1. Using the Karplus curve 6.51 cos²θ - 1.76 cosθ + 1.60 with θ = phi - 60°, what ³J(HN,Hα) values do you get for each residue of the stretch 203-213, in whole Hz, with x for Gly and Pro?
2. List the aspartates and glutamates whose alpha-carbon lies under 13 Å from that of Lys110, not counting same-chain residues fewer than 8 positions away?
3. Among 229-238, 70-79, what's the highest-first ranking by average C-beta atoms within 10 angstrom per residue?
4. Using unit Cβ charges (K, R positive; D, E negative) and no other charged atoms, how large, in debye to the nearest 20, is the dipole of the chain about its Cα centre?
5. Please list 3J(HN,Hα) in residue order for the stretch 141-152, calculated via the Karplus relation 6.51 cos²θ - 1.76 cosθ + 1.60 where θ = phi - 60°; whole Hz, with x for glycine and proline.
6. Putting +1 on Lys and Arg Cβ atoms and -1 on Asp and Glu Cβ atoms, find which of Ile123, Pro43, Ile228 reaches farthest to the positive end of the dipole of the stretch 28-249.
7. Of all DSSP beta bridges in the chain, what percent run antiparallel (nearest 5)?
8. Stretched out fully, how many nm does the piece from Ala156 to Ala241 gain, at 0.36 nm a residue minus the Cα gap?
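Readers should treat all values here as calculations from the given coordinates under stated rules, not as data from a laboratory. The structure displayed is predicted, hence computed values, not measured ones. Ideal geometry is used to build each Cβ from the backbone, glycine not excepted, and the neighbour counts take in all protein chains shown.
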Amino acid sequence: MRKPIVAGNWKMHKTAVEARQLVYESKTDLAGISQVDVVFCPPFTALAEVAGLVKDSNIGVGAQNAHWEPQGAYTGEISVEMIAEFCDYLILGHSERRALFGETDEGVNKKLHAALAAGLKPIVCVGETFDENQAGQTGEVVVRQILSALAGLDAAAVAGLVIAYEPVWAIGTGLAAEPEGAAAVIRDFIRGPVGKDFGDEIAEVLRVQYGGSVKPGNAREFFDMEDIDGALVGGASLKAADFIGIVRAAI
């Protein structure tokens, strides 16, 4: 049985002081939950603060992006080695990175290889836009993104990844995909291609989250789906009570 994983993507929210307060409001309730892997993903400026506060607890820390080069003249970038000082996890290929900052399939693949070499646990995001969904291109887009991201990896590396299926049209819009529809995309266009390229056993153990307007009120509907192993949570992760409710729904 795959262990659920619920990660809070704080995006560009929370100063270090505000992050500390959110951790204080959440930590006691979350520390008692061992059935779910829980991850906070604050902005870069709060990583050290959050990592210190959750040290020696069951709560992991993740970054929202990194560069694939170990060092160099890349003003404004952060390397995976720098991330690994504070983090267990690294979000890669989020739709906002793709849409707003020119993230490409090739770039996600480079970052994924670098993250694994640094000992990080990647959360690799895939998902279609509204126009792609309406044009019937969901499968084509998701399969391309997942196989491009995993290019050059061996089966053992793939088995340890977390994949986040995030239909772009459901992120921050209040519109969530239907649980059955999300589970079907994960089954057919993520586990299916992974099984074909890396083996059915790898596809079965691979953990796949759903992301896109997940809230305490709808989380259980998604987690009841056999192919959904948790959530990558955006706005609801910024309020302690909401995030705790989602984590509890995953038990």
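1. For the stretch 203-213, the Karplus curve yields 4, 6, 8, 4, 8, 10, 8, 10, x, x, 6 Hz.
2. Glu69
3. Output ranking for 229-238, 70-79: 229-238, 70-79.
4. 600
5. Taking θ as phi minus 60°, the curve returns 5, 5, 5, 4, 5, 5, 6, 5, 5, 8, 4, x Hz for the stretch 141-152.
6. Farthest along the dipole direction, towards plus: Pro43.
7. Of all bridge pairs located within the chain, approximately 0 percent are antiparallel.
8. Length gained between Ala156 and Ala241: 27.0 nm.
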